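Asks: Next up is a structure, given as structure tokens.
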Amino acid sequence: MDAVHVGWISILPPIIAIVLAIITKEVIFSLTAGVFSGAIIYSIAVHLNPIVGPVSVTFDIIAEKADLNIIIFCFLLGALVFIINASGGANAYGRWASKVIKTKRSSMLITGFLGCLIFLDDYFNCLTVGTVMKPVTDRHNVSRAKLAYIIDSTAAPICIIAPISSWAAAVGNYLKTTGAFESDFKAFISAIPYNFYAILSLIMVFFVATTSFDFGPMARFERESQNKAMSSEPETVTGTVLRGRVFDMIIPILVLIITAITGMLYNGGYWSGVPELHSITAALGNSSAAKALVWGSFAGLLSCMLLYIPRNIMTFKEFMNNITLGMQKMVPSACILLLAWAIGGICRDLLSTPEFVRSFFVSSGIPGLLLPVIVFVLAAFLSFATGTSWGTFGILIPIIIPVAQSVCPELLMASLGATLAGSIFGDHCSPISDTTILSSAGADVNHLDHVSSQMVYSLTVAFTCIIGYLIIGLTKGNVILSLSVSIIVLIASIVILHKLDTRKSILPISASSAESR
């Protein structure tokens, strides 16, 4: 299928999907409508059959854009998590962890620290942190929406500022195509202080976890979780006696992590003998993280079989039945992923949305001082609409670098940092982002609950980023002043919004009390 240029109409599919999701609260229906609307636009543009054309395009693009390794990984991880729960391992781990992690605050902080430790890949981060910390945060009545927020906000943000990660290697590859830097790795390192969204997102996670200064929908979810104690009992599985120990959860997760990391290095060519790949960074950049995650989750399931069946924790038949039940729980997430990839594919590959955004950007005549803030907003819009940060990197970096060099060279690194920051922000907010979807799956929370509660926090961080990029433009690249002001504004915003939300939640109670008196 050849791409067509339809101008501003190319942004309609994601807008339709997002608006419908807000109105109907049905994400699968909304994404399907977005994909189908894009297929209709494309069919009209290339004069396909008005009935058969949209249907054919819809299912062709779903089949073409599906990453089967990620789908398989989701199903295998669902099976792994269900089996660990069914064995009693998660329950035993939760009881043990509650003796070590004794407060709600510490459970959230440790979740954040664990998210920062797993910096190799965001997919790996989302599902691993959710699996390990969900029993702990449940016991301390942390809402699943809050857990999903912490997972999501320490996944991509830590990966994009970690020098050794699949993200660093991908950005390095995009920088190489510009030919503007002697060392792409050095350029990536130099841009880290200018990536305000990633830095401020991490600061906000730990500040909110420490203070519990929640606001917006997140505050409502947190109040609800406090009002009704969340059950920490594992799911009931017919015929299974819950006799698991702590190591029945720890060992399979360690096997998954070690196998996945080793697998990334292996399929990235670390041991291939190729000199260019004989470094961790290069091998990670050349690796297939999704394939390695499949290997890791399969190895985790095998370790469960060897741990549970010989000790009569569950029979072979129960083990296989639990695999099926665990996979069934991942069906909604898999459907959302398929549709999200499809709508992104329609926009990128069929309707030329990136080309429309690029031409709009080039013809806009941007003043040099406003370059970082405009780049941030543009990257955020493109990433939000397409649901991909990596795709946004690939589109904008080759455009932004030469523009910055010619318009305002002193803001080159600030413009690169703003490109990466805006891409992360849009991806973080977008309900069609695979990272957002996997964070919902990792925390086992309704996807739209995660999106709605996280978006307010993301917009707060983005607002402070805009202030920071305005200052950095006016000061011609003073990153210390810009970042310092942004941090102060962020913390002040959180405190003010929390106080306003608290006052709002108390007012109805006060009013009703006054009426009763």
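The values are calculated or read from the model by the stated rules, or taken from the named source; none is laboratory data. A quick note: this is a predicted structure, and the numbers were derived from the prediction, not measured. Positions of Cβ are backbone-derived with ideal geometry, glycine not excepted, and every protein chain shown enters the neighbour counts. To get the accessible areas, we keep the full protein, side chains included, count just its heavy atoms, and leave off ligands, DNA and RNA. Shrake-Rupley method; radii C 1.70, N 1.55, O 1.52, S 1.80 Å.
Asks: Can you return the aspartates and glutamates within cross-link range of residue 291? Criterion is Cα-Cα under 19 Å, with same-chain partners fewer than 8 residues away left out.
Replies: Partners within reach: 64, 67, 121, 122, 434.
Asks: When Lys and Arg each count +1 and Asp and Glu each count -1, what net charge do the other residues less than 11 Å away from residue 217, Cβ to Cβ, add up to? Please report the intermediate quantities before stating the final value.
Replies: Numbers: positive: 146, 220, 223; negative: 214, 222, 224, 449, 501.
Here the charged neighbours net out to -2.
Asks: Give me the accessible area of residue 93, 1.4 Å probe, in Å² rounded to the nearest 10.
Replies: 20 Å²
Asks: Go through 331, 100 and list them by solvent-accessible area, largest first, probe radius 1.4 Å. Working shown, then result.
Replies: Numbers: 331 65, 100 95 Å².
Largest accessible area first, the residues go 100, 331.
Asks: Also, I was wondering about something else. Using 30 Å as the Cα-Cα cut-off, could you pick out the over-long pairs in 329/504; 134/176; 65/476; 65/176?
Replies: On the way: 329/504 37 Å; 134/176 40 Å; 65/476 42 Å; 65/176 26 Å.
Going by Cα-Cα distance, 329/504; 134/176; 65/476 fall outside the 30 Å limit.
Asks: Please get the size of the charge dipole for the chain, origin at its Cα centre, with Cβ charges of +1 on Lys and Arg and -1 on Asp and Glu, quoted in debye to the nearest 20. Provide the component values of the computation, followed by the final result.
Replies: Working: 29 positive and 28 negative charges, 325 e Å.
So the dipole magnitude of the chain works out to roughly 1560 debye.
Asks: Let me ask something else about it. Taking the dipole about the Cα centre of the chain, with the C-beta of Lys and Arg at +1 and of Asp and Glu at -1, give me whichever of 90, 14, 287 is farthest to the positive side.
Replies: 90
Asks: Can you tell me the FRET efficiency between residue 475 and residue 47 if r is taken as the Cβ-Cβ distance and R0 is 56 Å, rounded to the nearest 0.05? Spell out each step's value before the answer.
Replies: On the way: r = 53 Å, r/R0 = 0.95.
Calculated transfer efficiency: 0.55.
Asks: Give the label of the value calculated from the structure for log10 I(q)/I(0) by the Debye sum over Cα atoms at q = 0.07, 0.08, 0.12 Å⁻¹, choosing from [x] -0.58, -0.73, -1.18; [y] -0.40, -0.52, -1.16; [z] -0.50, -0.65, -1.20.
Replies: [y]
Asks: Return the aspartates and glutamates within reach of residue 104: Cα separation strictly under 13 angstrom, same-chain partners fewer than 8 residues apart disregarded; answer none if there are no such residues.
Replies: 138, 222
Asks: Efficiency by 1/(1 + (r/R0)^6): what FRET value for residue 60 and residue 227, r their Cβ-Cβ distance, R0 = 51 Å, to the nearest 0.05?
Replies: Working: r = 48 Å, r/R0 = 0.94.
Given R0 = 51 Å and the Cβ-Cβ separation, E is 0.60.
Asks: Ignoring ligands and nucleic acids, what accessible area does residue 223 show with a 1.4 Å probe (Å², nearest 10)?
Replies: Near enough 100 Å² of accessible area.
Asks: Separate question: Of all the stretches in the chain, which is the longest one without any exposed loop site, taking GluC sites (Glu not before Pro) in a DSSP loop (any state but H, G, I, E, B) with at most 16 other Cβ atoms within 10 Å? Could you put the intermediate results ahead of the total?
Replies: Working: sites that count: 26, 182, 235.
Formally, the longest exposed-site-free interval is 236-517.
Asks: Still on this structure, I have one more. Compute the FRET efficiency between residue 4 and residue 247 as 1/(1 + (r/R0)^6), taking r as their Cβ-Cβ distance and R0 = 60 Å, and round to the nearest 0.05.
Replies: On the way: r = 57 Å, r/R0 = 0.95.
About 0.60, to the nearest 0.05.
Asks: Could I ask something else about it? Just to be sure I understand the rule: take each whole DSSP H helix in the chain, project its Cα atoms onto its long axis, keep it if the span is 30 Å or more and its mean Kyte-Doolittle hydropathy is at least -1.0. Which ones pass? Kindly include the intermediate steps, with their values, before the conclusion.
Replies: Details: long enough: 447-474 (39 Å, 1.22); 479-516 (56 Å, 1.29).
Span-like helices in the chain: 447-474, 479-516.
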